[in-house]
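*Asks:* My questions will all concern the structure given below.
The values are calculated or read from the model by the stated rules, or taken from the named source; none is laboratory data. Being a predicted model, the structure only gives us computed values, none of them experimental. All Cβ positions, even for glycine, are placed from backbone atoms using ideal geometry, and neighbour counts span all protein chains on display.
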Amino acid sequence: MKKKILSLKKVKIETQKRQINILKTVVEDLINKQSATIIDLLSGNKNVNEFSIAKNLKLTINQTRNILYKLSDFGIVSFIRKKDKRKGWYIYFWTLNTHQALSLLSENLNKKLENLKNQLKNRTEERHYICNTCSIEVNEETALLNNFTCPECEEVYQLTNNSDIIKDLQNKINRIEKEIEMVSLEKKIEEEKINKEKEKKRKKFETEKKEKRINAAKDRKAKKLAEEKKLSRKKKKKSPKKIKK
Ligand SMILES: [Zn+2]
């Protein structure tokens, strides 16, 4: 039993590590490598004080805010702000939106994939010519227009060896497809987490509603009882008079 819990914990930590690495690439793409540390600070935490983020990144508060604002433009982070009563200014607290970051990443990867697939199609279906002296490559149409001779140096064009390029493109496509698969898996894990939290909230709401209903019913019953007592007391007071009549 203990072993099982330990291994579950291990899986959880590994999942988090994997996710952190993936999310770092998102920040790297959007801003720069240095800023990617922000993921370490936000991952697994909610409402992180921006001053502690700045301190950890060794940046000024304005530089830190600029990064965070940029990320929030993409919906990757969100904030709440609280007024510092003593100083009178607002402090922002930041939370990572993992699901949105993963969505953005998979969007970007799909764009890259599409681009690579177009290149592959182009390389498989069309011939290309190159001037080896100038290292300028042209497509068949341009080569034909130039009479298969480089207009710069008058060298005769050589047919490009597309097979190496095709191999390279296919490797890149395979890699990106694997990445997309991995990201979509992470997205699913995140969605399950979100759904679990939603379900928890819903259940809590239902229980509170039920409790309120029960309490209201109790109140009504107590009120009714009190009124009945009052009424019976009045009757008792009146009844002796009736006997006198
Ligand atoms: Zn040339």
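*Asks:* For the stretch 158-174, does any single residue satisfy the condition of being in contact (Cβ under 8 Å) with a residue 24 or more places away in the chain, in contact with an Asp or Glu (Cβ under 8 Å, 6 or more places away or on another chain), at negative phi and assigned by TED's automatic domain parsing to the domain that holds Leu120?
*Replies:* Yes: one or more hits.
*Asks:* Now a separate question. Starting from residues that are over 14 Å from the mean Cα position of the chain (by Cα) and exposed (fewer than 14 other Cβ atoms within 10 Å of the Cβ), keep the ones in the stretch 16-39 and report whichever is nearest to Ile189 (Cα to Cα).
*Replies:* Residue satisfying both the conditions and the ranking: Lys17.
*Asks:* Looking at the stretch 101-130, which of the residues that are of a type in the set (Ser, Thr, Tyr) and within 23 Å of Ile173 (Cβ to Cβ) is farthest from the ligand (Cβ to nearest atom)?
*Replies:* Ser103
*Asks:* Could you grab me the full set of residues in the stretch 1-35 that are β-branched (Val, Ile, Thr), assigned to a loop (DSSP other than H, G, I, E, B) and more than 19 Å from Ser106 (Cα to Cα)?
*Replies:* Of the residues in the stretch 1-35, the ones β-branched (Val, Ile, Thr) are 5, 11, 13, 15, 20, 22, 25-27, 31.
When the remaining residues are screened for being assigned to a loop (DSSP other than H, G, I, E, B), the result is 31.
Selection gives nothing.
*Asks:* For Glu177, state whether it is within 17 Å of Leu109 (Cα to Cα), more than 16 Å from the ligand (Cβ to nearest atom) and in contact with a Lys or Arg (Cβ under 8 Å, 6 or more places away or on another chain).
*Replies:* When the stated conditions are applied, Glu177 does not pass them.
*Asks:* Which one of these is acidic (Asp, Glu) and more than 25 Å from Ile194 (Cα to Cα): Glu14, Glu28?
*Replies:* Numbers: Glu14 fails: more than 25 Å from Ile194 (Cα to Cα).
After ruling out the rest, the residue left standing is Glu28.
*Asks:* A further question on this structure: Out of the residues in the stretch 131-170 that are of a type in the set (Val, Ile, Thr) and more than 9 Å from the ligand (Cβ to nearest atom), which is farthest from the chain's Cα centre (by Cα)?
*Replies:* Within the stretch 131-170, the subset of a type in the set (Val, Ile, Thr) is 133, 136, 138, 142, 149, 156, 160, 165-166.
Applying the additional criterion that residues be more than 9 Å from the ligand (Cβ to nearest atom) yields 138, 142, 156, 160, 165-166.
Values: Val138: 42, Thr142: 45, Val156: 53, Thr160: 43, Ile165: 35, Ile166: 34 Å.
Across the stretch 131-170, the extreme among qualifying residues is Val156.
*Asks:* Within the stretch 55-91, how many residues are touching a residue at least 40 places away in the same chain (Cβ under 8 Å) and either in contact with an Asp or Glu (Cβ under 6 Å, 6 or more places away or on another chain) or of a type in the set (Phe, Trp, Tyr) (or both)?
*Replies:* The qualifying residues number 2.
*Asks:* Can I ask one more? Within the stretch 50-66, can one find any residue that is under 17 Å from Asn97 (Cα atoms) and surrounded by fewer than 14 Cβ atoms within 10 Å (Cβ to Cβ)?
*Replies:* Taking the stretch 50-66 first, the residues under 17 Å from Asn97 (Cα atoms) are 50, 53, 65.
In the following step, the residues that additionally are surrounded by fewer than 14 Cβ atoms within 10 Å (Cβ to Cβ) were identified as none.
The answer is no, given that none of the residues of the stretch 50-66 is under 17 Å from Asn97 (Cα atoms) and surrounded by fewer than 14 Cβ atoms within 10 Å (Cβ to Cβ).
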